[in-house]
Amino acid sequence: MPDLFLVIALGTGLVNYGFLDKPSRWLFRMLLLSFVISLVQLHDAAFRQNNIYLYNLNSLVEMGCFAAAYWIELKSKKNQALVLAGFGVYLLVFLYDFSWTNIAGVALGVQRIIMIMYALLFFHYVLAKMQVQNLLLHAMFWVSAGAIVHAAGTLFVFLFVKVTLGDLSSNGSYALYIKIVRSFTTFFYIVLTISFWLRRRESRLADQLTV
């Protein structure tokens with residue numbers, strides 16, 4: 001399911017690419033890179049080769065693109081500094097926790113915490129500026145709300161990865177927790193799909209106002 005909705009989100013982003021602003025284009029790049037990594041994972045799995053390190057690398061791709069999107073979106077220097085600081089903390093944890101053969105649970109958990117922080121920074125920025133007329137029709141609102149749900153829903157799965165995903169034979173708990181991760185990932189891809197369509201609408205409305 002995540003791969004299916006990843007393809008749908010990519011297709012939607014491609015169709016609407018001309019309407020996407022810089023933050024949305026970084027999110028599109030994130031999906032594109034995740035798709036390439038997913039293809040390599042499927043290839044390695046088909047030949048029974050280790051592909052867990054790719055899951056960890058995908059975390060780095062997601063965090064890098066996500067940070068770039070919010071650094072552009074949050075235009076105040078204070079918020080941009082916090083975005084860079086959050087990414088710096090994540091990068092240090094990623095380098096420490098990275099593994100070729102095990103899921104980097106701590107890094108993935110920290111990624112979720114920082115995603116939530118970015119989303120909350122966005123909400124604070126929007127409330128302070130009061131420039132968005134309808135939040136429900138604003139693309140980055142959906143991205144931020146989706147990021148909070150996705151990150152919160154999978155946070156503890158990765159923080160306690162040795163219990164949740166560390167043992168493939170732990171009475172079926174691995175299957176349960178991986179379904180949770182896949183479900184929230186699917187949800188996030190659906191939200192990104194919605195955001196690309198809303199970005200198209202926002203772009204057209206902006207063009208009408210400038211005519």
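The values are calculated or read from the model by the stated rules, or taken from the named source; none is laboratory data. All values derive from a computational prediction rather than experimental measurement. Cβ placement follows ideal geometry from the backbone for every residue including glycine, while neighbour counts extend to all protein chains displayed. Surface accessibility is based on the protein's heavy atoms, side chains included, excluding ligands, DNA and RNA. Shrake-Rupley method; radii C 1.70, N 1.55, O 1.52, S 1.80 Å.
Brief remarks follow.
- Against the chain, whose longest principal axis is taken from its Cα atoms, helix 139-159 shows a tilt of about 20°.
- Between L176 and I113, the modelled labels are 2.6 nm apart [label points 7 Å from Cα along Cα→Cβ].
- Alpha-carbon centroid distance for the pair segment 1-50 / segment 58-79, whole angstrom: 18 Å
- Surface listing: K75, K129 arranged by accessible area from highest to lowest gives K75, K129, probe 1.4 Å.
- H124 accessible area, assembled protein chains, probe 1.4 Å, Å²: 120 Å²
- As a fraction of the 1.4 Å probe accessible area of the chain, surface on carbon and sulfur atoms comes out at 69 percent.
- Fully extended contour minus Cα-Cα distance, from V15 to Q49, at 0.36 nm per residue: 8.8 nm
- For Kirkwood radius over Cα pairs in Å, the value calculated from this model appears in [x] 19.4; [y] 17.9; [z] 20.3 under label [y].
- With a Cα cut-off of under 25 Å and a minimum spacing of 8 residues unless on different chains, the lysine pairs in the chain number 8.
- For the chain, the dipole from Cβ point charges (+1 on Lys and Arg, -1 on Asp and Glu) about the Cα centre works out to 420 debye, to the nearest 20.
- Between N102 and M130, residue separation times 0.36 nm minus the direct Cα-Cα distance comes to 5.6 nm.
- Acute angle (nearest 10 degrees) that the helix 173-210 long axis makes with the longest principal axis of the chain, alpha-carbon atoms: 20 degrees
- Sum of side-chain charges, Q111 neighbourhood, beta-carbon under 13 Å (Lys, Arg +1; Asp, Glu -1): -1
- For segment 62-211, relative contact order (Cα pairs under 8 Å, six or more residues apart, normalised by length) works out to 21 percent.
- Where the chain is the region considered: accessible area per residue in Å², 1.4 Å probe: 54 Å²
- Chain lengthening between L39 and I8 when straightened (0.36 nm per residue, less Cα-Cα): 9.6 nm
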